[in-house]
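*Asks:* Quick one: structure below, then a few questions.
The values are calculated or read from the model by the stated rules, or taken from the named source; none is laboratory data. This is a predicted model, so every value here is computed, not measured. We place every Cβ from the backbone using ideal geometry, glycine too, and count neighbours over all the protein chains shown.
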């Protein structure tokens with residue numbers, strides 16, 4: 001049995017006949033009941049399912065980071081779901097079944113906050129990554145914006161990251177990674193606003209071996 005919220009003209013919660021009422025973040029929705037599929041899955045559908053599974057697996061170790069990086073992406077999508085949508089649309093290369101995800105095309109943060117110029121990274125010691133950027137004021141940004149850093153070992157599905165690092169005005173921050181030899185780390189940087197109201201796009205800084 002469904003319930004009427006705010007009277008006869010309000011949203012429905014629960015099932016009423018063939019209609020199911022629900023809501024997401026305060027937005028009411030109605031949908032029909034689940035129907036069992038009776039047709040075969042096409043090659044295109046299989047390829048899309050494969051891409052979906054690859055995107056899910058690729059982003060899973062980065063969940064806390066993309067939750068911050070894609071916060072407030074749209075009225076109906078943010079966080080992991082929004083990051084996966086971006087990856088599916090922009091980061092795949094090749095033709096099924098020989099498809100791959102290009103790390104350089106992936107966004108782990110998205111927003112209107114500007115990046116600083118002169119962003120770079122280097123390994124200054126075993127297991128130590130030094131990220132740097134220009135400290136000049138940026139229009140639309142604040143000196144108290146904080147840097148977001150991430151190193152991702154895709155082969156071993158392990159990531160190390162900071163979502164609230166040093167202030168933009170500092171111009172430098174350090175991220176520590178394991179010193180195990182023979183591992184490749186893909187590096188990303190973004191900024192989050194001082195008041196957490198927005199983020200910048202992430203920038204891919206290449207790969208480095210530990």
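*Asks:* Quick check on my filter: what residues within the range 132-145 are in contact (Cβ under 8 Å) with a residue 24 or more places away in the chain and surrounded by fewer than 21 Cβ atoms within 10 Å (Cβ to Cβ)?
*Replies:* Within the range 132-145, 132, 134, 135, 138, 139, 140, 141, 142, 143, 144 meet the criteria.
*Asks:* Considering 129, 189, which residue is over 20 Å from residue 69 (Cα atoms), crowded, with 21+ Cβ neighbours inside 10 Å, in contact with a strand residue (DSSP E or B) (Cβ under 6 Å, 6 or more places away or on another chain) and in contact (Cβ under 8 Å) with a residue 60 or more places away in the chain? Lay out the reasoning, then the answer.
*Replies:* Numbers: 189 fails: over 20 Å from residue 69 (Cα atoms).
Going through 129, 189 in turn, just one is over 20 Å from residue 69 (Cα atoms), crowded, with 21+ Cβ neighbours inside 10 Å, in contact with a strand residue (DSSP E or B) (Cβ under 6 Å, 6 or more places away or on another chain) and in contact (Cβ under 8 Å) with a residue 60 or more places away in the chain: 129.
*Asks:* Also, I was wondering about something else. Give the residue, chosen from 112, 117, that is farther than 24 Å from residue 155 by Cα, exposed (fewer than 13 other Cβ atoms within 10 Å of the Cβ), modelled with pLDDT of 85 or more and within 19 Å of the chain's Cα centre (by Cα).
*Replies:* Numbers: 117 fails: within 19 Å of the chain's Cα centre (by Cα).
It is 112.
*Asks:* Also, quick follow-up: Determine, yes or no, whether residue 106 is crowded, with 20+ Cβ neighbours inside 10 Å and in contact (Cβ under 8 Å) with a residue 60 or more places away in the chain.
*Replies:* For residue 106, the condition - crowded, with 20+ Cβ neighbours inside 10 Å and in contact (Cβ under 8 Å) with a residue 60 or more places away in the chain - is met.
*Asks:* Filter the range 88-109 for residues that are assigned to a loop (DSSP other than H, G, I, E, B) and either touching a helix residue (DSSP H, G or I) at 6+ places or on another chain (Cβ under 6 Å) or at pLDDT below 95 (or both); which is nearest to residue 73 (Cα to Cα)?
*Replies:* 109
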